[in-house]
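Input: a single structure, listed below in structure tokens.
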Amino acid sequence: MNWLPKNKNTRLMAICATVAVSMVGAAYAAVPLYDLFCRVTGYGGTPQVRVAAADRVIDREVTVRFDASRNGGLPWEFQPIDRAITVNVGESALAYFRATNTSDRPITGVATYNVTPFKAAPYFVKIECFCFTEQTLQPGESIEMPVLFFVDPEIETDRRADDIQTITLSYTFFEAENSELAAASGRDAAP
């Protein structure tokens, strides 16, 4: 504590300033750290992401429902092509969502996602998803966007997950903060 000033008022001010700066730093770090925690653990309905399919398929069926919404300020139509599909645990499945820009300007959107019930999230694995990148749509443009996924066979080892028969994958599209810059740069929508 030799670095603290000897004057009590100056010392109190230095301590308060240090605490305030630490709190601001913690606030900025909280969001990325929480996001990382959720992606690693599946906490809060965040599905897992992998680059390869499951190594086995088991004889247990799960129905995966799809939900699509958008932020009220985003002039897009957004919906799943199919409302639900039934897959075997470990089987890779492909689903599509359709987005249409109903405005008269290019717009870049970004999708957030989650899985319910939350206890299913650690076992819901995405291999490829439109939600991994921003999507830029020109005025009036429509695209079909894929999500490739599977339910991890490890779900069989979790007794809390024995009752899971239906999983809901939900997406919400928001306009990206840098939407006009991204659209002006000529970025195309990801496949």
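The values are calculated or read from the model by the stated rules, or taken from the named source; none is laboratory data. Here the structure is a predicted model, which is why all the values come from computation and not from measurement. As a convention, Cβ positions derive from the backbone with ideal geometry for all residues, glycine included, and neighbour counts pool all protein chains shown. Calculation scope for accessible area: heavy atoms of the full protein, side chains included, ligands and nucleic acids excluded. Shrake-Rupley method; radii C 1.70, N 1.55, O 1.52, S 1.80 Å.
Considering each of 124, 173 in turn, give the residue that is farther than 17 Å from residue 62 by Cβ and open to solvent by less than 10 Å² (accessible area, probe 1.4 Å). Before the answer, list the steps.
On the way: 124 fails: farther than 17 Å from residue 62 by Cβ.
Result of the check over 124, 173: 173.
Looking at (1) open to solvent by 40 Å² or more (accessible area, probe 1.4 Å); (2) within 19 Å of the chain's Cα centre (by Cα); (3) over 18 Å from residue 118 (Cα atoms); (4) at pLDDT 95 or above, which is the only condition residue 81 fails?
(2)
Find the residue count for segment 86-101, including only residues that are of a type outside the set (Phe, Trp, Tyr) and open to solvent by less than 40 Å² (accessible area, probe 1.4 Å).
So the answer is 8.
So if I check each of 104, 67, which one is closer than 20 Å to residue 151 by Cα and open to solvent by 40 Å² or more (accessible area, probe 1.4 Å)? I'd like the intermediate steps shown before the answer.
Numbers: 104 fails: closer than 20 Å to residue 151 by Cα.
Unique residue meeting the criteria: 67.
Among 37, 97, which is the only one that is in contact with a helix residue (DSSP H, G or I) (Cβ under 9 Å, 6 or more places away or on another chain) and at pLDDT below 90?
37
Filter segment 127-166 for residues that are assigned to a helix (DSSP H, G or I) and surrounded by 14 or more Cβ atoms within 10 Å (Cβ to Cβ) and give the result.
Filtering segment 127-166 for residues assigned to a helix (DSSP H, G or I) gives 130-132, 153-157, 159-161.
130, 131, 153, 154, 155, 156, 161, listed by residue number.
Suppose we filter segment 61-83 for residues that are closer than 11 Å to residue 99 by Cβ and among the small types (Gly, Ala, Ser); how many remain?
Selection size over segment 61-83: 1.
Starting from segment 4-24, take each residue that is surrounded by 10 or more Cβ atoms within 10 Å (Cβ to Cβ) and list its partners that are among the hydroxyl-bearing types (Ser, Thr, Tyr), counting only C-beta distances under 9 angstrom and pairs at least six apart or across chains.
Hits for this filter: 4/10.
Being in a strand (DSSP E or B), more than 18 Å from the chain's Cα centre (by Cα) and among the acidic types (Asp, Glu) is the filter here, so list the residues in segment 52-78 that pass it. Before the answer, list the steps.
Here is the first cut: in segment 52-78, the ones in a strand (DSSP E or B) are 61-70, 76-78.
Then keep just the ones that are more than 18 Å from the chain's Cα centre (by Cα); that gives 61-63, 76-77.
61, 77, listed by residue number.
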